[in-house]
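One structure is given below, encoded as structure tokens.
The values are calculated or read from the model by the stated rules, or taken from the named source; none is laboratory data. What you see is a predicted model; the values in this text were computed from it and never measured. Backbone-built Cβ (ideal geometry, glycine too); neighbour counts: all protein chains shown.
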Amino acid sequence: MTDLTTTDLTPLEPDEATLGRLRARLAGEADRAGLLDVAYTTIDSPVGVLLLAATDRGLVRVAFECEGLDRVLEALAARLGARILAAPDRLQGAASQLEAYFAGTLRHFDIPLDLRLASGFRLSVLGHLAEIGYGRTESYTQVAAATGSPRAVRAVGTACATNPLPVVVPCHRVLRSDGALGGYLGGLEAKRNLLALEAAA
Amino acid sequence: MLPFDRVVADHAATVLRVCRAALGPVDADDAWSETFLAALRAYDDLPAGANVEAWLVTIAHRKAIDVRRRASRRPLPVDTVPEVLTPAEDRSEHDDLYAALAALPDKQRLSVAYHHLGGLSYREVAELLGGTEAAARRAAADGVSRLRTHYLTGART
């Protein structure tokens, strides 16, 4: 723009509100036209900002801020397709259920899930996690036994650490046999908070 | 491949500047939306390492033509009071720049928009608008100097 530096072009300069409005309109039109591989939104929660992402089949990813939201979106683009936009409408159901969960008024999520980011043994571990009830916990050893592979304790840990749908698929309800927290991809503080929330409700 | 959301974040402002310069403030929003929808449809086929901004400006050019064509078929709203469409507080010196741009011959206005605001090379501008690279360079230079004369002197004095 060097030739134009002496000409004041600020009237052409878009403000943030206009760009936000245009981006929201684009996301709505793209979603309605079936052009999106993934729609996502972010919500605030007691365990920090959460990214929620959905395909046309259902919620496909919940991510913690500490995972790096840009990195999460890049990984989703590589796995599911790069046609990704912030399109909160598709996530409305998931967002409101999570809000109710964090308020202590919802104990069981009832939203369509797309589990295609997990497979094999990890997928069967996730299937079992969904059966650990609200406010209850199991040990990694118990989960391994319940999935028919009692010696695969370490693999259960990996399955929890790579759970694409934390909070909704409750890997935070899995602890070490001695009662220690073990690990959590959202950080131990988040795990502690979720367990405390469920114990109090 | 980058999430398309990042492409929008990185280039939304540039594409809107280009659309505004090419079409004026009212039709620019439609051209912007249609540009990114078309880009989203074609995104999977974009070769790795392509110049994304130049690709978007090229699409914006086609969409600007579409929007212009539709607008010219639209009947003029004779019953509408102009003041309703343009509230007094919005009628700042902004209108002067848009008026100055609108007064330019198409080729000058679009050469300014695509080269100076959209970052296309003169060769790329020539490919879009026809004619030679030298002609595109001349059209952009003439456009800028006319903008300076009509807009700057008008707005600043």
#### Entry: Some residue of region B:46-61 being within 9 Å of chain A (Cβ to nearest Cβ), within 11 Å of the chain's Cα centre (by Cα) and modelled with pLDDT of 95 or more
no
Contact list, first residue from region A:124-142 and touching a residue at least 40 places away in the same chain (Cβ under 8 Å), second anywhere and among the polar types (S, T, N, Q) and surrounded by 14 or more Cβ atoms within 10 Å (Cβ to Cβ), beta-carbon distance below 7 Å, six or more apart or interchain, is A:126/A:163
query: Does region A:136-143 include one or more residues that are in a loop (DSSP other than H, G, I, E, B) and in contact with a His (Cβ under 9 Å, 6 or more places away or on another chain)?
result: yes
All conditions in (1) closer than 14 Å to residue B:24 by Cβ; (2) in contact (Cβ under 8 Å) with a residue 60 or more places away in the chain are true of residue B:118 except (1)
In region A:80-128, anything within 22 Å of residue A:23 (Cβ to Cβ), in a strand (DSSP E or B) and either among the small types (Gly, Ala, Ser) or more than 14 Å from chain B (Cβ to nearest Cβ) (or both) is listed as A:86
Flagged pairs (Cβ under 9 angstrom, 6 or more apart or on separate chains; first in region B:20-37, more than 10 Å from chain A (Cβ to nearest Cβ) and over 14 Å from residue B:72 (Cβ atoms); second part of a helix (DSSP H, G or I) and aromatic (Phe, Trp, Tyr)) are B:22/B:114
Notebook entry, point to check: Mind checking whether some residue in region B:66-75 is at pLDDT 90 or above and in contact with a helix residue (DSSP H, G or I) (Cβ under 6 Å, 6 or more places away or on another chain)?
Noted result: yes
Sole miss for residue A:167 among (1) part of a helix (DSSP H, G or I); (2) in contact with a strand residue (DSSP E or B) (Cβ under 6 Å, 6 or more places away or on another chain); (3) not assigned by TED's automatic domain parsing to the domain that holds residue A:29 is condition (1)
Counting only residues that are farther than 17 Å from residue B:3 by Cβ and surrounded by 20 or more Cβ atoms within 10 Å (Cβ to Cβ), region A:46-61 contains a total of 3
Reported set for region B:91-146 where residues are over 15 Å from residue B:60 (Cα atoms), crowded, with 19+ Cβ neighbours inside 10 Å and of a type in the set (S, T, N, Q) is B:108
Taking region A:170-179 and keeping only residues that are assigned to a loop (DSSP other than H, G, I, E, B) and surrounded by 15 or more Cβ atoms within 10 Å (Cβ to Cβ), one is left with A:170
For residue A:56, the lone unmet condition from (1) in a helix (DSSP H, G or I); (2) out of contact with any strand residue (DSSP E or B) (no Cβ under 8 Å at 6 or more places or on another chain) is (1)
